[in-house]
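*Asks:* Got a structure for you, questions after.
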Amino acid sequence: MMKSASAVKLGVNIDHIATLRQARRSLEPDLVAAAAVCRQGGADMIVCHLRQDRRHIQDADLFRLCAAKGRIHLELSAVPEMVAVALKAKPASVCLVPESPREVSTQGGLNLRKQAKAVGRAVDKLKKARVATSLFIDPEAANVRLAKSLGADMVELCTSAYAQAEGKGRRAAELERLELASYLVAEMGMTLHAGHALDYHNVRPIARIPHMAALNIGFAVVSRAMFVGLKTAVLEMKLLLS
């Protein structure tokens, strides 16, 4: 049985605001100001992905965001260079994600079987620094169990297969995969997040998945903000989770 979504928190990813700024290598839009507006609209945390190629978020952005008021949830790859930056910036939490230099956006969850050693070392370092740690995974039981064995505090289930599914039957099947994974995450004592390709039209069923604690959404919100403003775009998404 699906739950009420009243407790589901909203993380707003501001990477694409940085993408706009980087188009001119300018100072605007200012990301700290953008984060403040997102919080005014109801965002519970600000999400950003510091990529190895620094295509949008820059190191200086991360340090400014972490120094400002409010929770920062940082996404990055499990390579030592990136983990070292996170340890210096000290965000509230970190989600380790796969990363490829050619991708336009993240293409799915971590391959924990192949990356277990690197991910495990990153988790250990972050937890020693008292940074809550999440792993971005596809909604499969083996991934959830591996995430637990590697010491993750949270997992973020990748929702791209659900969002991109064509037809009611296929989408229902993907939603069921996410729901089944949610029960195992809860059983193993980890906090449940989800995200990727969620928008104003498909988010409600995900928000109602049992044990869902937070949804992390960026592109849809920033795109909507072009027409209604950032604060309103965040508020509209937040209302869909309530």
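Just so it is clear, none of the values below were taken in a lab; they were calculated from the coordinates. Bear in mind that the values here come from a model prediction, so they are computed numbers and not experimental data. Virtual Cβ from ideal backbone geometry, glycine too; neighbours counted across all protein chains shown.
*Asks:* Considering only A225, A163, A132, give the residue with the highest GNM mean-square fluctuation for the chain, with springs between Cα atoms whenever their separation is below 10 Å.
*Replies:* A225
*Asks:* Among (i) 120; (ii) 132; (iii) 141, which is the computed volume of the Cα convex hull per residue in Å³?
*Replies:* (i)
*Asks:* Relative contact order of the range 115-199, please, whole-number percent, based on alpha carbon pairs below 8 angstrom and at least 6 residues apart.
*Replies:* Result for the range 115-199 is 31 percent.
*Asks:* Which cross-chain or sequence-distant (5 or more) residues have an amide H under 5 Å from the amide H of R51, H modelled 1.01 Å from N in plane?
*Replies:* Amide H neighbours of R51: H56, I57.
*Asks:* Could you sort 139-149, 39-49, 62-72 so that the peptide with the highest average Cβ count within 10 Å comes first and the rest follow in order? List each step's numbers first, then the result.
*Replies:* Working: 139-149: 19.1, 39-49: 21.9, 62-72: 16.4.
The most tightly packed comes first, giving 39-49, 139-149, 62-72.
*Asks:* Can you give me the distance in nm between label points at K168 and A7, each placed 7 Å from the Cα along the Cα-to-Cβ direction?
*Replies:* A separation of 3.1 nm, rounded to one decimal place.
*Asks:* Between V228 and Q58, what FRET efficiency comes out of the Förster formula 1/(1 + (r/R0)^6) with R0 = 41 Å and r the beta carbon distance, rounded to 0.05? Let's see the in-between values first.
*Replies:* Working: r = 27 Å, r/R0 = 0.67.
Computed FRET efficiency for Q58 and V228: 0.90.
*Asks:* Holding the Cα-Cα limit at 19 Å, pick out from K90/K128; K9/K88; K88/K114; K9/K231; K9/K128 the pairs that are longer than that.
*Replies:* K9/K88; K88/K114; K9/K128
*Asks:* Hey, with R₀ at 25 Å, roughly what FRET efficiency would E236 and L20 work out to, going by the Cβ-Cβ distance, to 0.05?
*Replies:* 0.80
*Asks:* Right, another one. Taking the alpha-carbon centroid of each part, what is the distance from the range 32-69 to the range 163-223 in angstrom?
*Replies:* Computed from Cα coordinates, the inter-centre distance equals 23 Å.
*Asks:* Further question on the same structure: Would you calculate the separation in nanometres between label points at A67 and E81, each defined as 7 Å from the Cα along the Cα-to-beta-carbon direction?
*Replies:* With each label placed 7 Å out from Cα toward Cβ, I get 2.4 nm.
*Asks:* Below 8 Å, C-alpha to C-alpha, sequence gap of six or more: please give me the relative contact order for the range 146-242 in percent.
*Replies:* 26 percent
*Asks:* Continuing with this model, one more query. With θ taken as phi - 60° and the coefficients 6.51, -1.76 and 1.60, list the Karplus ³J(HN,Hα) couplings across the range 194-210 in order, rounded to whole Hz; mark glycine and proline as x.
*Replies:* Result, rounded to whole Hz: 8, x, 3, 6, 7, 9, 5, 9, 10, 7, 4, x, 5, 5, 9, 5, x.
*Asks:* If I build a Gaussian network model for the chain, linking alpha-carbon pairs within less than 10 angstrom, which residue out of K90, K127, K114 has the largest mean-square fluctuation?
*Replies:* Checking each option, the largest mean-square fluctuation is seen for K114.
*Asks:* Pairs of alpha-carbon atoms within less than 8 angstrom and 6+ residues apart define the contacts here; what relative contact order does the chain have, in percent? It would help to have the intermediate numbers written out before the result.
*Replies:* Details: 451 pairs, mean separation 56.0, N = 242.
RCO, the chain: 23 percent.
*Asks:* Does the range 102-174 classify as rounded, prolate or oblate by the C-alpha gyration tensor (a ≥ b ≥ c root eigenvalues; a/c under 1.5 gives rounded; else a/b over b/c gives prolate, otherwise oblate)?
*Replies:* Prolate is the answer for the range 102-174, as a/c is 1.5 or above and a/b outweighs b/c.
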